[in-house]
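J.: Would you mind keeping the following structure in view while I ask a few things?
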Ligand code: C2E
Ligand code: CA
Ligand code: CA
Ligand code: CA
């Protein structure tokens, strides 16, 4: 293993001094990341804005590379998508999140729902629902404690096909949300065809809403329209107390953001739950 480590460092240094692109490097290294146990999940709390309590968490992938350090998802999720590696990685994410959630429940913590991000490639994979089913039965997690986050562009790409997949997932009893809402081109007419539970207002809107009246208007209408169509609305990327106050005032249902907590390694997340911290 030590020998392997040295070879990898040499490879990495060679890459940095040659024309091997960052992308090629990421791709080559990502192929081994799972087997080398370099991937992990961090968990970010989701809170109910009415009660202030933690009501769930989003699993977010982390890659700790021995030479590159912590590689952010922004640098490798796209590569994982293009190469198809995301299917295997995504399966691992789904299973780890389910097993971790069962471990917290067995440790006596209040059962919460864990949300897992699903990429376009995974969503189009006909094996997805079987994998979800397997992750649930192998881990013993009750379906109601699992949520899948699907991005807006993903479900709007092929509405008819996507509606069928979403309905199938919904029938399994899991929760579903539409992520990054507002960044794509959804028509509300299509939105009502999807039996999803949540709309997640993209963090770019939350970041700008207090400085830009038009962005604030968008946020208010997503909350009102989303709720009138029967969705719960969650705002992500909440970083400040004034943002929180604004969202509460306009009756947004839930929030997620650094103001309360960054994504945490499992042990830290467990500790946060034990402290019963709330907003
Ligand atoms: P996302 O699904 O929109 O996740 C939210 C991102 O916002 C996360 O970045 C999170 O750490 C960050 N965030 C949360 N609160 C705040 C805040 O208050 N301020 C700011 N500035 N950022 C905040 P992260 O973990 O770097 O992930 C980036 C993206 O990578 C995710 O965006 C998601 O699209 C993708 N991703 C992460 N994990 C997975 C995964 O397991 N599977 C797939 N397919 N994609 C993933
Ligand atoms: Ca997400
Ligand atoms: Ca998002
Ligand atoms: Ca995003």
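J.: Can you pull the percent of Cα pairs in the chain with separation above 31 Å?
T.: That tail contains 31 percent of the Cα-Cα pairs.
J.: Here's another thing I want to ask about it. Which order, highest average first, do 146-153, 166-173 follow once you tally other Cβ atoms within 10 Å for each residue and take the mean per peptide?
T.: Ranking the peptides 146-153, 166-173 by packing returns 146-153, 166-173.
J.: Relative contact order for the chain: what percent, with Cα pairs under 8 Å and sequence separation of 6 or more?
T.: 19
J.: Can you pull the percent of Cα pairs in segment 112-271 with separation above 22 Å?
T.: 45
J.: Run through the DSSP bridge list for the chain and note the antiparallel percent, rounded to the nearest 5.
T.: So the antiparallel bridges amount to about 40 percent of the total.
J.: Moving to a separate point now. Which value in deg cm²/dmol, rounded to the nearest 500, describes the helix-derived mean residue ellipticity at 222 nm for the chain, given -39,500 (n - 2.57) per DSSP H run of n ≥ 4 and division by the residue count?
T.: One gets -15000 deg cm²/dmol as the mean residue ellipticity at 222 nm.
J.: Could you calculate the FRET efficiency of residue 210 with residue 55 from 1/(1 + (r/R0)^6), where r is the beta carbon distance between them and R0 is 22 Å, rounded to 0.05?
T.: 0.35
J.: Continuing with the same structure: Which value in nm describes the separation of the simple spin-label points at residue 217 and residue 83, placed 7 Å from the Cα toward the beta carbon?
T.: That separation, rounded to one decimal, is 4.6 nm.
J.: Then there's this: I want the antiparallel fraction of DSSP beta bridges within segment 41-171, as a percent rounded to 5.
T.: Here the antiparallel bridges make up roughly 55 percent for segment 41-171.
J.: What is the Cα radius of gyration of segment 145-225 over 2.2 N^0.38 Å, N being its residue count?
T.: Cα-based Rg divided by the globular estimate yields 1.14.
J.: Indicate the gyration tensor shape class of segment 191-279 (rounded, prolate or oblate), computed on the Cα atoms with a ≥ b ≥ c the square roots of the eigenvalues: a/c under 1.5 is rounded; otherwise a/b larger than b/c is prolate and the rest oblate.
T.: Oblate, because a/c is 1.5 or more while a/b does not exceed b/c.
J.: Also: What do the square roots of 5 times the Cα gyration tensor eigenvalues come to for segment 173-213, in whole Å, largest first, as semi-axes of the equivalent ellipsoid? Intermediate values should be presented prior to the final figure.
T.: Details: eigenvalues 107, 32, 10 Å².
Each semi-axis is √(5λ); the values are 23, 13, 7 Å.
J.: Need one number: convex hull volume per residue for segment 62-200, Cα atoms only, in Å³.
T.: In segment 62-200, the Cα convex hull volume per residue is 122 Å³.
J.: Mean separation of Cα pairs under 8 Å and 6+ residues apart, divided by the residue count of segment 174-279: what relative contact order is that in percent? Each step should come with its number before you reach the end.
T.: Working: 123 pairs, mean separation 22.9, N = 106.
Averaging sequence separation for qualifying contacts and normalising by length gives 22 percent for segment 174-279.
J.: Using a Förster distance of 25 angstrom, determine the FRET efficiency expected from the C-beta separation of residue 171 and residue 229, and round it to 0.05.
T.: Numbers: r = 20 Å, r/R0 = 0.80.
So, using R0 = 25 Å, E works out to roughly 0.80.
J.: A further question follows. Give me the compactness ratio for segment 201-249, meaning the Cα radius of gyration over 2.2 N^0.38 Å. Mind showing how you got there, number by number?
T.: Working: Rg = 10.1 Å, N = 49, 2.2 N^0.38 = 9.7 Å.
Relative to the rule-of-thumb radius for its length, segment 201-249 sits at 1.05.
J.: Highest mean first, how do 217-225, 270-278 rank when packing is the count of other Cβ atoms within 10 Å averaged over residues?
T.: Listed from highest to lowest mean packing, they are 217-225, 270-278.
J.: In Å and on Cα atoms, what radius of gyration and Dmax does segment 231-279 show?
T.: 12.0, 34
J.: Kindly identify segment 109-180 as rounded, prolate or oblate by the Cα gyration tensor criterion: order the square roots of the eigenvalues as a ≥ b ≥ c, call it rounded if a/c is under 1.5, otherwise compare a/b with b/c, prolate if a/b is larger, else oblate.
T.: Verdict is prolate for segment 109-180.
Every number in this text was worked out from the coordinates using simple rules, so none of it is lab data. As the structure is a prediction and not an experimental result, all values here were calculated from the model. Glycine gets a Cβ as well: all are built from the backbone with ideal geometry, and neighbour counts include every protein chain shown.
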